[in-house]
Amino acid sequence: MFKIPHIAPDRLPSVLRLMPKAELHVHIEGTLEPELIFKLAQRNHVSLPYASVEALRAAYQFSDLQSFLDLYYAGASVLLHEQDFFDMAWAYLDKAAADNVVHAEIFFDPQTHTARGVPMETLIKGLHHACQRAHQEFGLSAKLILCFLRHLSEEDAFATLEAALPFRHYFIGVGLDSSELGHPPAKFERVFARCRELGLHVVAHAGEEGPPEYIHQALDLLKAERIDHGVQAVRDPALMQRLAEERVPLTVCPLSNIKLCVFPTLAQHNLKSLLDAGLCVTVNSDDPAYFGGYVNENYVELFAALGLEPRHAYQLAFNSFEASFADAAQKKAWEHGLKAFFERLREQD
Ligand code: HPA
Ligand code: ZN
């Protein structure tokens, strides 16, 4: 076991910010800041029901997932052209690089755009070119995961998959997001089976607001390799044991959970219980433009609220690499880099 050096508590926030990490749960449409929403609205002659950036930001008060999704879909309506998708993704990747994210697996919601008449090619190419440039400029590897909107039908998901297949090489996997309650993973069993046949990785949001049963379904019916959120697993001890034994990663998003009232305060978040139970937990931002912080703010605020220690920082960053869909050699290289980062802190002691 790697021995973590002593780190004075007041240095911990900067260590969290500087350590290399992967981000595995971020919706690119959720990185659209109010300033960029207004800029794109003007550029594309789209009218917004808010008078100013400040008025829009002031509306970001949510009572649950659905109250957020209503604004999130409205915000995405300004995205029309390939350049818009590039600009949105580039703004995120620039921030991610500054947060020392060395690898990002990024969700996108094609149905939000194709339903408005935006061609699949336009949105995928815009996102892809930003990912390519981030690799060239920052050495940050950025991959795309296509998410199906679960409030729509499985038939619609099949049509979306069909439309995306000419661009199969631009994304590494599929996910399932949007309104969870009333839309169990079982609804999408057949389309996920088809995705697996196509060699795509499979993840699913489950147990954010929904019951542990939805996590069971995501694992058993969709064969999800990771669970997005998954925090409701603590309500089911047998499920907790399974997640620990099979080391199924959970992509937890602390600030999101507070903004959407999944937990009343960050001090009451269950991330430490999940870690202590031996689960492969990771820290992520979800929709940072809406939830008050990018990945580093999620780490820093969570650690302060739960009194987490340097060993947790190392474990969470390690888990983020382990849980990624990168190949084994790449994971080893990142894990080596993480150890070297902590070793250098020892030398500064
Ligand atoms: N849950 C479900 N769907 C989403 C989310 C989320 O947190 N963010 C964007 N789409
Ligand atoms: Zn999410």
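Relative to the longest principal axis of the Cα atoms of the chain, the long axis of helix 328-347 lies at roughly 50 degrees. Label-to-label distance, residue 159 versus residue 135, with points set 7 angstrom from Cα along the beta-carbon direction: 3.2 nm.
For the chain, the Kirkwood estimate of hydrodynamic radius, built from reciprocal distances between every pair of different alpha carbons, is 20.4 Å. Accessible area per residue was computed with a 1.4 Å probe on protein heavy atoms; residue 128 scores about 40 Å².
Which FRET efficiency value, to the nearest 0.05, do you get for residue 328 and residue 304 by plugging their Cβ-Cβ distance into 1/(1 + (r/R0)^6) with R0 = 41 Å?
On the way: r = 35 Å, r/R0 = 0.84.
Rounded to the nearest 0.05, the efficiency is 0.75.
Per residue, the chain exposes 39 Å² of accessible surface when a 1.4 Å probe is rolled over the protein heavy atoms with every protein chain present.
The magnitude of the dipole of the range 135-243, with charges of +1 and -1 set on the Cβ of Lys/Arg and Asp/Glu and taken from the Cα centre, is near 320 debye.
Taking every lysine pair in the range 13-348 that is 8 or more places apart or spans two chains, those with Cα atoms closer than 19 Å amount to 14. Near residue 73, once Lys and Arg are set to +1 and Asp and Glu to -1 for all other residues with Cβ below 13 Å from its Cβ, the sum equals -4.
In this label model, residue 47 and residue 220 are separated by 5.1 nm, measuring between points 7 Å along each Cα→Cβ vector.
Of the peptides 64-70, 215-221, 14-20, the ranking by mean beta-carbon count within 10 Å, highest at the top, reads 215-221, 14-20, 64-70. Would you check the accessible area of residue 116, probe 1.4 Å, heavy atoms only, in square angstrom rounded to 10? Estimated to the nearest 10 Å², residue 116 gives 80 Å². Taking 7 Å steps out from each Cα toward its Cβ at residue 341 and residue 1 produces label points 2.1 nm apart.
Please check which bits of the range 40-80 a label hung off residue 261 would reach, taking the label as a point 7 Å along Cα-to-C-beta and the cut-off as backbone N under 12 Å. Answer for the range 40-80: 61-68. Tell me the angle of helix 295-306 to the major Cα principal axis of the chain, expressed in degrees between 0 and 90 and rounded to the nearest ten. So the helix axis and the longest Cα principal axis differ by about 50 degrees.
The values are calculated or read from the model by the stated rules, or taken from the named source; none is laboratory data. Everything numeric in this text was worked out from a predicted model, so none of it was measured. Using ideal geometry, Cβ is built from the backbone for each residue, glycine included, and neighbour counts are taken over all protein chains shown. Just the protein is used for accessible areas: all its heavy atoms, side chains included, with ligands, DNA and RNA removed. Shrake-Rupley method; radii C 1.70, N 1.55, O 1.52, S 1.80 Å.
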